[in-house]
Amino acid sequence: MSSHKTARLARVLRGALRVWGVAASVEAEAQGGEFILRAPSMTLRIVPGWLVFRDGQLLASHAGLPGLLRTLRQELAPGFANGRLIIGSSL
Amino acid sequence: MTPISVITGFLGSGKTTLLSHLLRDPALARTAVIVNEFGEVGLDHLLLEASDEEVVLLEGGCLCCKVRGDLVRTAGELLARRARGDAAFDRIVIETTGLADPAPILQALMTDREIAPALRLDSVIATVDCAAGGATLDAHPESVKQAALADRIVLTKTDLADSSALAQRLRRINPAAHQLTALHGAVDPSLLFNASVYEPRLYESHAHSGEVTTFCLRRSEPLHAVTLSLFLQVLAEHCGAKLLRLKGLVDVVESPGRPALIHGVQHVFHPPAWLEAWPDDDRSTRIVVISQGLDAAWLQDLIEVLDDEVTACSIS
């Protein structure tokens, strides 16, 4: 992953944490696009793919960002009032 | 499909006066009205000069939280009566209570399987009282949301107070809405109804009021349809009530020359409507977001990351 894309993904993760009201830091590793996410009570290591580790144990794996965000929200902001996409009738 | 409009606005802001005036206009002669009043005894409907048969009163609670089911049933009954030849109307207008959050009402109109296919959500009209509007916006978050979700904002009681400061504040809350003034309810109905989801000035929006943020996301390269779907899914799932309304024109890779028109209220979206052609010379994706606290740069990055993932999957 290029440094540009790593930085952008780190911004996306930080932005999601802000929306959920979670005080946590996101550090992007210079090589390999890994991310260390430090919240008050836990540290998550995120490896592109996406694999989420907590305390060295695999917590979840996802093919894409939407699944990764879901795991992070459930872990870090379980009380956040999430929604579900509903598609209504035609315009 | 029958156009349906929602008139919202805080208590005493002039909704009924506006509606009463509108119903006297010959252009709106064939309008059915659903009135919702908060309290044991409804009175507002008595002030409306229209055929009783086409004015339906919902009593006993606020439209947004208690009687949404009644609203859907009432709208369904109106449509059924017309189908039987017992009612004649070309348009439905709903007047909410002053305390109503319009979002769940709009969502119900967009999603109910009985009525949604027969209705086209036209305009959301918010009345704001120039005499008390500023204090109301300060004290009642419902009124901020009413203004934020509107396509049209009608400033009322302009004879009682100067409207300029309030108009500026409302423009910061919702720069995409057309502002109109009504003296004793008088306003040209052609400026209130037949709102289009596509309005060029909508895409120039950018404002921050402290309560509501409005911005336009732009992208010159087309998006994959899957990216658009994932983007809306992430917004709906992870932004909760912070997303108020979203409208946009999207250039989709799989549909060259035919942009997708998207429209959502919080986590409820219409399915994309595919236009036959671009409405103007601008071929870029434009998505207007009205939110409470969402950040434009974050959403712009989110689109790019999602499209990178989708592109990588398409290539591999």
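Summary of computed values
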{"read-out": "Exposure proxy ranking, count of Cβ atoms within 10 Å, fewest first, for B:ARG24, A:ARG14, B:ARG152, B:ARG84", "value": "B:ARG84, B:ARG24, A:ARG14, B:ARG152"}
{"read-out": "Residue exposure sequence - B:CYS216, B:CYS130, B:CYS313 - by fewest surrounding Cβ within 10 Å", "value": "B:CYS313, B:CYS216, B:CYS130"}
{"read-out": "Under Karplus coefficients 6.51, -1.76 and 1.60, residue-wise ³J(HN,Hα) of segment B:117-122 in Hz, glycine/proline x", "value": "x, 9, 10, 10, 5, 8"}
{"read-out": "On Cα atoms only, tilt of A:3-20 relative to the major axis of chain A in degrees", "value": "50 degrees"}
{"read-out": "Amide N proximity, segment B:9-37 versus B:ALA186 label position 7 Å along Cα-to-Cβ, cut-off under 18 Å", "value": "B:14-28"}
{"read-out": "Inter-site label distance for B:THR311 and B:ALA29 at 7 Å from Cα along Cβ, in nm", "value": "5.8 nm"}
{"read-out": "Long-range amide H partners of A:ILE87 with built H, under 5 Å", "value": "B:PHE269"}
{"read-out": "Between helix A:65-76 and chain A: long-axis angle, C-alpha atoms, 0 to 90°, nearest 10", "value": "80 degrees"}
{"read-out": "Ranked list, fewest to most other Cβ atoms within 10 Å of each Cβ, for B:VAL288, B:VAL93", "value": "B:VAL288, B:VAL93"}
{"read-out": "Segment B:251-316: GluC sites (Glu not before Pro) falling in loop per DSSP and having at most 12 other Cβ within 10 Å", "value": "B:GLU254, B:GLU276"}
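Bear in mind that the values in this text are calculations on the coordinates, not laboratory data. Being a predicted model, the structure only gives us computed values, none of them experimental. Don't worry about glycine lacking a Cβ; one is built from the backbone with ideal geometry, like all the others, and counts go over all protein chains shown.
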